[in-house]
Amino acid sequence: MTLPLGERHQIHVKILNATGAAYAKARTARRGSPSRPRRSSTDPEFNATTLGILGSRWGWLGYNTQTERLEIATTANQDPRLSLVPIIGVDIWEHAFYLQYLNVKANYLTAVWNVIHFEKAEARYLEASCASNL
């Protein structure tokens with residue numbers, strides 16, 4: 001799945017525009033399902049992978065249609081990994097977090113999980129996983 005440049009940013013914004021209720025509902029619904037995106041299984045590994053990124057880069061949680069598993073990847077700019085269907089994208093460049101978190105990227109990466117729209121992430125995951133099973 002290839003996304004036009006504008007849509008990549010739309011995914012980022014749509015995924016990050018969540019409410020507390022949607023987060024709680026989505027988190028509760030996914031307990032016990034290790035292959036679906038959920039806070040408890042993705043944030044420590046995702047944060048560790050993206051913490052060392054320098055410059056204009058993104059961290060992605062994506063669905064690999066070949067292995068039928070979620071994978072964490074990083075890319076330059078907002079370019080998604082062509083081998084992955086993007087589920088969650090997080091801008092790691094300083095402009096995304098500097099004003100609120102100064103240069104403490106770890107605090108930004110911890111906080112970003114509180115605003116991810118897990119219902120949209122799950123919908124993208126289900127769409128990708130169902131399409132790969134056709």
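When residues in the range 86-106 are screened for being aliphatic (A, V, I, L, M) and outside any helix (DSSP H, G or I), 6 of them pass. Regarding the range 106-118, can at least one residue be identified that is under 11 Å from Y63 (Cα atoms), touching a Lys or Arg at 6+ places or on another chain (Cβ under 6 Å) and surrounded by 13 or more Cβ atoms within 10 Å (Cβ to Cβ)? So far as the range 106-118 goes, no, none of its residues is under 11 Å from Y63 (Cα atoms), touching a Lys or Arg at 6+ places or on another chain (Cβ under 6 Å) and surrounded by 13 or more Cβ atoms within 10 Å (Cβ to Cβ). Quick one: in the range 119-134, of everything that is of a type in the set (D, E) and in contact with a strand residue (DSSP E or B) (Cβ under 9 Å, 6 or more places away or on another chain), which residue is surrounded by the fewest Cβ atoms within 10 Å (Cβ to Cβ)? Only one residue fits best here, namely E127. Checking each residue in the range 75-85 for being within 13 Å of the chain's Cα centre (by Cα) and more than 22 Å from S129 (Cβ to Cβ) picks out only Q78. On the basis of being in a helix (DSSP H, G or I) and under 19 Å from A48 (Cα atoms), does L109 make the cut? When the stated conditions are applied, L109 passes them. Inside the range 82-94, residues that are at pLDDT below 90 and over 12 Å from R57 (Cα atoms) make up a count of 2. Within the range 94-118, residues that are touching a residue at least 60 places away in the same chain (Cβ under 8 Å) reach partners that are buried (at least 19 other Cβ atoms within 10 Å of the Cβ) and hydroxyl-bearing (S, T, Y) with beta carbons closer than 7 Å, at six or more positions or on different chains, in the pairs L109/T50. Among the residues making up the range 61-85, those that are surrounded by fewer than 17 Cβ atoms within 10 Å (Cβ to Cβ) and outside any strand (DSSP E or B) are T65, Q66, T67, E68, N77, D79, R81, L82, S83. For the range 113-133, filtering for residues that are touching a Pro at 6+ places or on another chain (Cβ under 8 Å), closer than 22 Å to S83 by Cβ and not charged (D, E, K, R) leaves 2.
The single condition among (1) of a type in the set (F, W, Y); (2) in contact with a helix residue (DSSP H, G or I) (Cβ under 8 Å, 6 or more places away or on another chain); (3) modelled with pLDDT of 85 or more that Y23 does not meet is (3).
The single condition among (1) part of a loop (DSSP other than H, G, I, E, B); (2) polar (S, T, N, Q); (3) closer than 15 Å to A121 by Cα; (4) modelled with pLDDT of 55 or more that T42 does not satisfy is (1).
The values are calculated or read from the model by the stated rules, or taken from the named source; none is laboratory data. On a predicted model such as this, the values are computed, not experimentally measured, just so you know. Cβ coordinates were reconstructed from backbone atoms using ideal geometry, including for glycine residues, and neighbour counts include every protein chain displayed.
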